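The values are calculated or read from the model by the stated rules, or taken from the named source; none is laboratory data. Note that the coordinates shown come from a computational prediction; the quantities given were computed from them, not determined experimentally. All Cβ positions, even for glycine, are placed from backbone atoms using ideal geometry, and neighbour counts span all protein chains on display.
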Amino acid sequence: MDALDSTLISTSPHPPTVSTVLAPIHYIPDELLLEILSLTFHRWHWHPWRSLHLARVCKRWQTIVMSSAVFWPQISYDQGIQAAQTILRRNSGGSLIFDWDERDWGASKHAAERNAVVTMALAQIHRWKTFFFWGDIRPELFVEIRSKASSLEELLVDASPGISSPTQIITLGGGPPLSYLNLTDIAMDWSTSRLTGLRTLRLGSIHLGPSAAQLQAILSSSPFLETLHIENVRTEDSSVVQSSPIYLPLLTTIYLHLVPDQFLLLLVGDVQTYVCTSLRLDPIPFFPDSTRALSLASRVIQSASRMEVRYNETTRGTRVKIGPVDSGVGLSGDPGAHILFHNLRLDVVLFKILDMILAGGGDPEIHLSSLRPLTNALPLQLVVELKLNNVTDLSAPLIPFLEESTGQEWTGGLDFLHKLGLMVTKTGAP
């Protein structure tokens with residue numbers, strides 16, 4: 001950081017004049033060139049060196065970069081005083097990101113200098129558009145945010161587990177709706193009007209999570225939501241909300257793990273999306289229409305090349321895994337689906353999947369396995385590593401289940417399974 005400070009406070013760089021190779025740039029208006037150059041980095045991952053390198057290309061780029069606030073968007077907790085002063089001088093009126101990360105610091109000889117940077121950043125809190133915080137919660141800091149952060153639209157707070165109180169709550173004052181909210185080990189006032197219009201909602205390890213009614217209100221008022229990730233969240237309100245459709249046409253990532261049953265019932269019963277490419281629901285309690293969870297994964301199921309359906313007789317759980325989504329926690333955004341049903345028969349899940357595959361024209365390879373030997377209640381106990389080239393061998397045990405599930409008589413045998421290239425596998429106890 002010392003070298004960076006020296007560069008930032010030194011005289012402006014002296015780039016060469018524009019070369020003949022860059023001559024066509026002369027014909028691009030300044031406004032358009034500014035937009036093009038600003039696409040060379042993501043504002044969340046900005047570093048002063050990025051702007052300095054752009055400024056050294058030619059004199060015109062230098063003029064644009066050094067005089068435009070967009071190229072100086074972020075103050076960081078670990079920056080030196082001189083670097084922060086330079087950034088604030090070049091960005092004297094635009095929006096700011098303040099990145100406060102204590103994870104790798106703790107007590108240090110630079111604490112006084114970092115506190116000075118915090119003081120400078122807090123003086124500009126009315127300009128904060130984005131606030132990222134990792135560390136021990138300071139109540140006085142969030143009092144300032146509640147009263148003065150009137151421009152905040154993106155908020156990430158990851159409190160130190162074991163240090164911050166699980167009952168601490170963030171309260172926001174007036175301002176625009178948040179588009180990005182990411183909270184870990186800290187709750188907030190879930191009834192605030194600023195939780196409308198979200199594009200990303202991530203909640204983790206929260207003891208005082210929203211009620212199902214509050215979550216329903218948040219989702220219903222965020223039609224452009226793209227990512228929903230809720231993991232290890234509890235709520236004091238166990239009531240179930242009245243069903244009402246929630247249309248989220250841009251929702252591509254759904255991740256619910258270790259959450260209240262009413263959250264899963266709300267999502268499975270009410271949310272409608274058709275572009276989801278990353279899905280985890282674990283576990284889903286039994287209710288009459290619990291297989292509707294598979295509809296959220298319709299795009300994944302109909303485009304899959306391989307999927308695994310596993311039944312555990314001990315827990316009576318049916319697990320559906322499609323693609324590379326692992327069984328470990330912490331994954332979100334990876335393509336694929338991972339759904340765990342409680343108390344739902346394997347054949348019910350399987351036939352629902354087959355219906356969706358037929359409707360979508362897919363051709364996946366399906367592997368069916370159990371952790372313990374299958375009982376007589378399941379029709380596939382005779383199948384061991386069998387590729388269904390001769391479907392008549394399976395007609396007797398499977399057709400009754402097909403007829404029961406569909407309510408119609410099956411007279412054509414199991415040719416449709418053959419067309420799917422269905423692979424059914426039974427495994428013994430590990």
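Test Leu256 against the criterion of being in contact with a strand residue (DSSP E or B) (Cβ under 6 Å, 6 or more places away or on another chain) and either in contact (Cβ under 8 Å) with a residue 12 or more places away in the chain or buried (at least 21 other Cβ atoms within 10 Å of the Cβ) (or both), and give yes or no. Outline the logic, then answer.
Details: in contact with a strand residue (DSSP E or B) (Cβ under 6 Å, 6 or more places away or on another chain): yes; either in contact (Cβ under 8 Å) with a residue 12 or more places away in the chain or buried (at least 21 other Cβ atoms within 10 Å of the Cβ) (or both): yes.
Yes: the conditions hold for Leu256.
Scanning segment 233-248 for any residue that is touching a residue at least 12 places away in the same chain (Cβ under 8 Å), under 23 Å from Leu346 (Cα atoms) and touching a strand residue (DSSP E or B) at 6+ places or on another chain (Cβ under 6 Å) turns up nothing.
Restricting attention to segment 145-156, the residues that are closer than 14 Å to Trp100 by Cα and either at pLDDT below 95 or of a type in the set (Ser, Thr, Tyr) (or both) add up to 1. Only one entry of Arg202, Arg146 meets the criterion of being in contact with a His (Cβ under 6 Å, 6 or more places away or on another chain), closer than 24 Å to Lys129 by Cβ and not in a loop (DSSP other than H, G, I, E, B), and that entry is Arg202. Evaluating Lys129 against the criteria (1) part of a helix (DSSP H, G or I); (2) modelled with pLDDT of 90 or more; (3) in contact with a strand residue (DSSP E or B) (Cβ under 9 Å, 6 or more places away or on another chain) leaves one unmet condition, (1). For Arg299, the requirement of being closer than 21 Å to Pro223 by Cα and basic (Lys, Arg) is met. Taking first residues from segment 124-135 that are on the phi > 0 side of the Ramachandran plot and partners that are crowded, with 19+ Cβ neighbours inside 10 Å, the Cβ contacts under 7 Å between residues at least 6 apart in sequence or on separate chains come to Gly135/Trp100.
Conditions tested, residue by residue: (1) buried (at least 19 other Cβ atoms within 10 Å of the Cβ); (2) of a type outside the set (S, T, N, Q); (3) farther than 23 Å from Leu181 by Cβ; (4) touching a Phe, Trp or Tyr at 6+ places or on another chain (Cβ under 7 Å).
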position: Gln74; (1), (2), (3), (4): yes, no, no, yes
position: Ile81; (1), (2), (3), (4): no, yes, yes, no
position: Arg89; (1), (2), (3), (4): no, yes, yes, no
position: Glu102; (1), (2), (3), (4): no, yes, no, yes
position: Ala121; (1), (2), (3), (4): yes, yes, no, yes
position: Arg127; (1), (2), (3), (4): yes, yes, no, no
position: Asp136; (1), (2), (3), (4): no, yes, no, no
